[in-house]
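Bear in mind these aren't lab numbers, they're just calculated from the coordinates by the rules spelled out. This one's a predicted model, so the numbers in the text were calculated from it and none came from an experiment. Positions of Cβ are generated from backbone atoms using ideal geometry, with glycine treated the same way; all protein chains shown enter the neighbour counts.
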Amino acid sequence: MEVFSFKSANVVITANTAADMTNCWRRFRARVGDKADTYCDYRSTLPDSLALALPSNGYSLMQTGDADFREWKNLPPVFYETALYNISIYLTDVEAAPCVLHKLKEITELFSVIEIGTHKWLLSAPLSFVNEPGIFELTFKYKPCDKPERTDTFSFRVVSPKLDTKDDYNHILAEINAQYNEIVFQYLTLTLQNLQRGGKSNNDVVWLSIFRNIAKDYEKWVRFIVNKPHLRQTRTVRHDRADRVKRWTPQMAEHFAQVEAEGRLEREYFRHEEIIHTHNTRENRFVKFTLDRIAKRLTSIVATIKAKNAKAKESDKVADSEIAELDGYVGSMRHLANSSLLRGLRGEPLRSESMVLQKRNGYAQVYKYWLLLQKGIELFEGANAIGVRPIWELYELWCFLKMRQMTAEILGLHFDNPKEITENPMPMVKPFEDNNQEHTVEYHCADGSNVRLHYQHTYSRKTGEVHTATTENRPDIVLTVVKPDGFELTYLFDAKYRLLDDNKLNREDREEYDASGGADTPPADAINQMHRYRDAIYYGSDRFTHAAKEIIGGYILFPGRGDNESVRKRFFYQSIETVNIGAFPLLPDASDPSNEGSLLFEFLTKILTAPSVNDHLRDAIPQKGLQYVSTEQPTPQDLVLVGYYKTEQLPIIKEQRLYYVPAALGKGSINLVSGFEKTKYLLLHHDKERVLIRLKGDGPKFYPKTALENMGFAPSGDYYLGFEIKDFSPVPGIDPNAYELERKGQQRFTTYFTTIDKIMATNE
């Protein structure tokens, strides 16, 4: 069906689609409400009439506004990111083959150019806007018969039925850019975003986007300055013969008469002041400075683009016309810098205020454009100029950001305190590149536990103890809780900018959907992916014969609507309680950010504040006939080394994480028992002070006296066995104070081995 028609004198643009426009409109209106009726603007550089297939007219074409318009505001959308369109441009009275202009080479080459008659041409292409809502600029170049070549543009908004792409989408962009400056922007995009205001951002992508918007005007005003420069009057003192002096003061005339009377006129030089005009002003030097800096940065950017183009696949290449245009700007900047006015000047930045730069025509405009390029979008007032990353990727980043903020809030930690939260400084993405890099935030809790939040963490066969046995897996977000005893609990989250269309629900899901009050449904394949993650990622090391399941649970984050009570009735939420696999709706809300992800916040609070490992494992689902057991939890027959310490020894024991016993027979030596090399625990005692802590469990090491002395100890014998301490956090659930220490005669300081069950017996 035809949904769009623009007609001008010799240009006709149409758009057709096979998509169900009724369903697109219904879903979009359900998302944004009544403002859907006035959501979109349409703009053209050519004047004439526009017709749209609107819901109010039964999706038949209806003319909007009067003829000879260039802008049509406050209309419903006809372009959706979920639909495929065939765009056609018909041109008449055109001398040569026209072409479409776009930064993406794929778009320029997608358009077929067909001559359909004398001076008649057709440009046609199928266009899909999947994951790229925003402003699409359809720009085409052609030469009307007997007229100069011209370039025209028709722009329209592409909307999403999943997200409010004006308010909530810009809310996402603002939140991401506030935390990770410059990460949202991208050069090669299908659509553009209208970002008039925002935080300071001046990476190459933003800089180039702004430069393209101001380039022609900037050049125009520099040329104006070259032709009508600001000149400065200066007074200079000269000494010349009388015939070279132009202005005579009474004193000079009197001196002239005296010299003439004395006959010395031909040998006399007269001191006089002369006013001259110079173009070597700080304002002109500033203009030269801007030209030099712009040309230098533009040259660097063009080189980067060309290098990327040489290695990129065809769909990711920058169009040749775009590169040629940028090269043209470089040449123009250098030509202006070499003009007669500026050639001999040395460019320099402005170091103080200048009324000329603020008020004089030409200079004021150049100064304004320079500030725009320096400040980025902070001051940018232009329209649809900046490309941003695909919406699914931005949604992923935003979900990570929300979890980053939620985790800090739940744990009561602050980002401005590096002792509480650390974050790797590497950029998550690079300008002109599409690749994401792993990003990690680490939270250091007062109780000795750590929480790590990873973005784009990769598991493979080579990633150490936590790995896959087969192919690489890369969940969007990984949350790892490290308890004080060293036990790690891992949860996976995948952000999916997708919904299951309610028109495609099966009967069972439809009944549940209706009964819940219409809470949106995540896509089934996304939930299935979490099952695959849990099956694919293992823990394994030399200490275990077999690999063990690593992932406690996996969860989808998706832009779903529905109040909390409605969501609690859906299968994807209830499955979190039963199998620890499910989904949480996480939808941006620009009007009230506190509403964002309340169910997710509730869940994170539960897993981040659980006091013990068993609280986490209780809800985990192992294979039939098995149960999850914390390998760090004591078992009855685990060996315990019981050892005494002197007050002055404790600081060194803690510093070196080592407890040693004599390795020879005699006084103070220990009776070794079967399996002593696997001792896991140490009961340290001193008078009434006792603590049960963990050893590394990899067996004692042999230490000569000198080695211990170098570590700060004061051994009396020659050789010792040293047991390395894992950490000093007390083993939970066991009270060593109730245990009665063994004695050898009257000796209270005997070092010996016992077992956990003997210590536990006194706790009962």
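Where does the charge balance sit around Thr236 when Lys and Arg score +1, Asp and Glu -1, over other residues with C-beta under 10 Å from its C-beta? Charge balance near Thr236 sits at 0.
Suppose we keep just the DSSP beta bridges with both residues in the chain; what percent of those would be antiparallel, to 5?
Of the beta bridges lying entirely in the chain, close to 85 percent run antiparallel.
Label separation (Arg568 vs Val259): 10.5 nm, computed from points 7 Å beyond Cα along the C-beta direction. Legend: residue pairs Lys143/Lys317; Lys35/Lys220; Lys73/Lys313; Lys147/Lys375, Cα-Cα distance threshold 29 Å; pairs beyond threshold, Lys35/Lys220; Lys73/Lys313; Lys147/Lys375. The fewest-to-most ranking of Ile386, Ile114 by surrounding Cβ atoms within 10 Å reads Ile114, Ile386. The long axis of helix 282-311 is offset from the longest Cα principal axis of the chain by roughly 60 degrees.
Around Tyr720, under 10 Å between beta carbons, what's the net of Lys plus Arg minus Asp minus Glu among the other residues?
Values: positive: Lys701, Lys705; negative: Asp718.
With Lys, Arg at +1 and Asp, Glu at -1, the net is +1.
Only aspartates and glutamates eight or more places from Lys688 in sequence, or on another chain, were considered; those with a Cα closer than 14 Å are Asp735, Glu740. Distance between the 7 Å Cα→Cβ label points at Ala446 and Cys145: 8.4 nm.
For the Cα atoms of the chain, what angle does the longest principal axis make with the long axis of helix 524-536, in degrees from 0 to 90, nearest 10? Helix 524-536 and the main axis of the chain meet at about 50 degrees. In the chain, taking the dipole from charged Cβ atoms about the Cα centre, the farthest positive-side position among Pro611, Ile670, Asn710 is held by Asn710. Only lysines eight or more places from Lys402 in sequence, or on another chain, were considered; those with a Cα closer than 26 Å are Lys162, Lys166, Lys200, Lys419, Lys430, Lys483, Lys496, Lys569, Lys606.
Restricting the GluC sites (Glu not before Pro) of the range 114-172 to loop positions (DSSP other than H, G, I, E, B) with no more than 12 neighbouring Cβ atoms within 10 Å leaves Glu149. For the range 1-68 and the range 411-425, what is the separation of their Cα centres, given in Å? The range 1-68 and the range 411-425 have Cα centres spaced 49 Å from each other. Compared with the dominant principal axis of the Cα atoms in the chain, helix 507-516 is inclined by about 80°.
Rounded, prolate or oblate, given the Cα gyration tensor of the chain, with a/c below 1.5 counting as rounded? Since a/c reaches 1.5 but b/c is at least a/b, the shape of the chain is classed as oblate.
So which trypsin sites (Lys or Arg not before Pro) in the range 253-298 end up in coil per DSSP with only 11 or fewer other C-beta atoms within 10 Å? Those satisfying the criteria are Arg264. Taking the alpha-carbon centroid of each part, what is the distance from the range 110-161 to the range 645-716 in angstrom? Answer, in whole Å: 79.
Dipole magnitude for the chain: about 2440 debye, using +1 per Lys or Arg Cβ and -1 per Asp or Glu Cβ, origin at the Cα centre.
For the peptides 172-180, 301-309, 702-710, residues were scored by their other Cβ atoms within 10 Å and the scores averaged per peptide; the highest-first order is 172-180, 301-309, 702-710.
Residues Cys145, Cys24, Cys445, ranked from the fewest to the most other C-beta atoms within 10 Å, line up as Cys145, Cys445, Cys24. Applying 1/(1 + (r/R0)^6) with r as the Cβ-Cβ distance of Thr45 and Asn595 and R0 = 35 angstrom yields a FRET efficiency of 0.25. Taking each DSSP H run with n ≥ 4 as -39500 (n - 2.57) and averaging over every residue of the chain yields -9000 deg cm²/dmol at 222 nm.
Pull out a ≥ b ≥ c, the square roots of the eigenvalues of the alpha-carbon gyration tensor of the range 113-246, then state rounded if a/c is under 1.5, prolate if not and a/b is larger than b/c, and oblate in the remaining case. It comes out oblate by the Cα gyration axes. A rounded overall shape is assigned to the range 639-761, the ratio a/c of its alpha-carbon gyration tensor axes (a ≥ b ≥ c) being less than 1.5. Across the chain, the mean sequence separation of Cα contacts (distance under 8 Å, 6 or more residues apart), normalised by length, yields a relative contact order of 8 percent.
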